[in-house]
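The block underneath contains the structure these notes are about, expressed in C-alpha cells.
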Amino acid sequence: SSAISSSVLFSEVEDATEVEEEPKADQFETSIYVGNISFDLTDGEISDAFAAYGEVVKVSMPTDRNTGKSRGFAFVKMANAEATAAAIGALNESELGGRTIYVSESLPKDQVADNKKKFNQRNKKEEGAKIYVGNLDFGTTSETLKETFAEYGEVKDCFIPSDYDGNPRGFAFIQMEEESALKAIEELNGIELDGRTIVVNKSLPKGQKAKRRDIKLYVGNLSWGTEEASLRELFEEYGKVVDCYIPTDRETGQHRGFA
C-alpha cells in the first residue's frame, strides 16, 4: 500500500478491536482494512463494492462508543487470497461514497503498534513539525492557509478537521520543516486571517496538554471604594482568578486606584 494509506492505517486503527469469529477449518483468515470511508456509508454499500472482486464473507465497521457513529474505517473479509488481492489492487485510492478510500491488508494489533512506532520514527525528521492553527473562520480554506504559511517555507500538509456533517471545526494542522515551522509560529500567532485573530502554536502529541500560562492583567482607574472581592467576582465570570492585588498607599492605607 502507499505511504498515504499507511499513515491512515496507523492513525485510525490503533484503538480498533475487530471482533473475531471462531475460525472454520478451511476459512481464509486475512482481513482487509478500508480507511477514510464516509461516515454515512453502510456495511451493505461496502460489501457491494468489494463483491465485484469475489465473495465477501464479512464486513465490520467499528463505531464510536459514545455516539454510536462510524469511526471512518472498516474491515472486510473475502473468501480467498485471490479475491483479497484483487480487491486491494482495484479499490485502493478509489472513490467510494464521495471520498478517496485507502485499502490494504489488515495487520494484527501488535504488528500495527510496532509498525506505527517505526513509521513515526522514520518520518519524524522527514515530516518536520506539526503546527496547530486555532480560532479559524469557518470559511477559511486549506488554500488560504497554505498560501499564508508558504511565506515561511514549504507546506508539506494542511488538514482542516470536519464534523460528521462535513462542517469545518474551526482549527487546522499544518506540517512544515522544523525551522520553517518555528518561524511561521513566531510571525503568524495572533494575526488576523479572514476576520479572525488566529492562534498558532506547535501541535502537542495526543493526550499531552499545554502547560498552564498565567497572565497578569492591569486594571486601572478604579473607584476608591473598589474591593478585591468585587474584582474577583467580576473577573471569575471569565475563568479562575489565581491572584488579585490592589496596591495601597503606605501613609494613608488607601488603595492607589489600580490592581
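Bear in mind that the values in this text are calculations on the coordinates, not laboratory data. The shown structure was predicted, so the numbers you read here are calculated from the model rather than taken from an experiment. Neighbour counts run over all protein chains shown; Cβ positions are idealised from the backbone, glycine included.
Listed values, structure above:
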read-out	value
Other-chain or far-sequence residues with amide H under 5 Å of V219's (modelled H)	A259
For S31, residues with placed amide H under 5 Å, excluding near neighbours	S106
Highest average packing first - 231-244, 51-64, Cβ atoms within 10 Å	51-64, 231-244
